[in-house]
1. What residue among B:A243, B:A25, B:A186 has the largest mean-square fluctuation in a Gaussian network model of chain B, using Cα springs under 10 Å?
2. Please list, ordered by chain and number, the residues whose modelled amide H lies under 5 Å from the amide H of B:L200; skip anything fewer than 5 residues away on the same chain.
3. What are the label-to-label distances in nm, one decimal and shortest first, from B:A237 to the same spot in the other copies, with labels 7 Å along Cα to Cβ?
4. What list of ³J(HN,Hα) couplings, whole Hz, do you get for region A:38-50 from phi and the Karplus terms 6.51, -1.76, 1.60, once you set θ to phi - 60° and write x for glycine and proline?
5. Can you tell me the relative contact order of region A:237-366? Whole percent, Cα pairs under 8 Å, sequence separation 6 or more.
6. Relative contact order for region B:155-302: what is it in percent, counting Cα pairs under 8 Å that are at least 6 residues apart?
7. Between region B:297-326 and region A:303-340, how many Å separate their Cα centres?
8. Nearest 10 degrees, 0 to 90: what angle lies between the long axis of helix B:58-78 and the longest principal axis of chain B (Cα atoms)?
Number of protein chains: 2
Amino acid sequence: MTDALSPAPQSAAPPAVATAGDPTAGEVLTAHLTAQAVAFLRALPTVRGEPGGRPGEPDAQGGDLLRAVRRVGGALHTFAAAVEPGWAQELRDELRWLLNMLTQEPSYDRRLARLVAALDSLTRTAAPDRLPAQRGDEPSSPSTGMLAGHPGAAKARALLERQLTVARARIHTSSLQELRSARLHALADRMTLLTGEVPLAAPAAAAAREVLLPQAAAALGALARAAEALPLLRAGAAYNGDARHRLHAEAPLPDADAALGTDDAPWLRVRILAKRARYALEVCEPLLGGQASGTAARLDSLGRVLDRHQEAADAAATAAAAARTPRITPATGYVLGVVHADQRLEVEAARYSFGLQWPELLNSDWPDWPVR
Amino acid sequence: MTDALSPAPQSAAPPAVATAGDPTAGEVLTAHLTAQAVAFLRALPTVRGEPGGRPGEPDAQGGDLLRAVRRVGGALHTFAAAVEPGWAQELRDELRWLLNMLTQEPSYDRRLARLVAALDSLTRTAAPDRLPAQRGDEPSSPSTGMLAGHPGAAKARALLERQLTVARARIHTSSLQELRSARLHALADRMTLLTGEVPLAAPAAAAAREVLLPQAAAALGALARAAEALPLLRAGAAYNGDARHRLHAEAPLPDADAALGTDDAPWLRVRILAKRARYALEVCEPLLGGQASGTAARLDSLGRVLDRHQEAADAAATAAAAARTPRITPATGYVLGVVHADQRLEVEAARYSFGLQWPELLNSDWPDWPVR
């Protein structure tokens, strides 16, 4: 582990121009981007519901499409110096538009599943405990939730299901329209061109090690700086009440929703930077040859924690919004209050996990961490 | 530390009958009990509101009275073999009656203070952060609660204040009556007799080390057995959702209140055993001469954690009960739900602290831990 922290041979100064057998930055980037563009174009017809679509579940194809969109967008951002700037910026804007559109439906699905699971577990009455055994020392004992038998639970569940289903249906309709829009056709055309040729900038002619590894390092550095600026000491002290009592706000804020949003923002930003760093390592994989595989695995793990953070924050906001529905019963309001607090606790728990895992990433096998 | 774990000289078999200069069990017990009886009788008049009461705050005198009641009751339980059984049992019953009566008003006060503090902190809007600096890395930044500006907060606060004030006033009235009852007069007479002579049993004639230290060890052993039976592995994993999603119940229970009560019961039992062990060490202090002062300090610390556990559990139950008040608004119900979950989290947090502190107690300087 400590050996891996000292500069590895390939990060020592390489020749400025690629020599025979040493790929150029353009070659490595082109291989990655064209592969992602091909994956994009294979998944698109099914997602659009076109007859020429390949067999397979639309959801799975949607996942493939999202993966390609994120990877192309991430690579164009991280390795911006090696690609033609105007083209890259336009493509990134369009990919961001598509990403925003495609992530909304799955986000509503996950939010509903999370809230229903929380309600079910909070209202469970002494069913056999099926949680993983490593979590408890009495895995087979019955367990009960703190809302067991509460009269407001069924109404709260029905309310959340109704509101999220309506919101999801609205998004679904507008997504279907956008998936057939001229804007998406134009984006598909751009991706088709990308399977043939990537518009490169001058630095792409240099050796890939010279150009891409420092840029991947910069992506990891941006992540590290943002993560180190998080209140990790506080998040690392279990049960410090951060996410409920001590939201961070730059200035007095009008209400709790705004304060929660401000409190969550730096964590959501770190989530994006972690994904971007992970995609940068993927691009550099041919150069690294598994040398940063520990870093990649830890970035994946941190990414899951940060996904959980975002999903819990979204679910909490949904519960709080549902509690503002006119004419609900006090019992429904009470149950939604419990669920809101419960999900903010999941936010706290995710921050705590992040605080535990973060030092492991900084001690992983990436050869040259920019901050330490 | 490890040296202290091996049997210390004075716990090696002493002579069965006290020799000159070595106090008998009866002498040590009598000194302790008469001192406590004197403290009891000094505090009683003020608590009863009698003209002969000593100057000083009634609350402080109430605290003195409670301290004496707990210590006499604990000593009579732990060192039962050394005192006359019928007399001890009757006195313990009367002390328990007085203890139950005296603890209710302060319990309501603490519950209200805790709930109001939780509501204030949950609804705070970007006031300067006054929490202790060691808890956070940005102590001077403004902070906001997750209920900041919520329309239900003021009503929930007023409801809790009203309900707890009414309950407290009811208790106060009945306590005043009981404090002037014949039953309390009779108890005061018993305590007056105790300042003169303690009715001892035959074993009290033996050396104190021979009789009292094994009985104190038994009290520590009872605590250790009960604590080791707690789900400490689960409590020790931060944010495991125990106190909200996975209440322990021997059999299916009709509702959440019953399940919460069953889940809390073993922790409340450990709290009583920890207090009893602490009082046993106090009785043995003349024999130990500071030799178990580390154990005593850690018992005090665990006692504070278990007090917090009980207070949070009580406050949570109060919030849940208030949410069942007819004709409250949905917003009030929502806020009470957040507060209920927040206090159950404090219960989880106290269990987590207990799990961290418990091994330190077992490694403390008490010479002979019965379980390990």
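Taken together, the values in this text are just the output of simple stated rules run on the coordinates, not laboratory data. Predicted, not measured: the structure shown is a model, and the values here were computed from it. Reconstructed Cβ throughout: ideal geometry from the backbone, glycine too, with neighbour counts over all protein chains shown.
1. Between B:A243, B:A25, B:A186, it is B:A186 that shows the largest mean-square fluctuation.
2. So B:L200 has HN proximity to B:E84.
3. The projected label point of B:A237 is separated from its counterparts by 2.5 nm.
4. 5, 4, 4, 6, 5, 7, 4, x, 4, 5, 7, x, 7
5. Details: 108 pairs, mean separation 43.9, N = 130.
Answer for region A:237-366 is 34 percent.
6. Values: 55 pairs, mean separation 34.3, N = 148.
Once divided by the residue count of region B:155-302, the mean separation gives 23 percent.
7. Cα centres, region B:297-326 to region A:303-340: 25 Å.
8. 50 degrees
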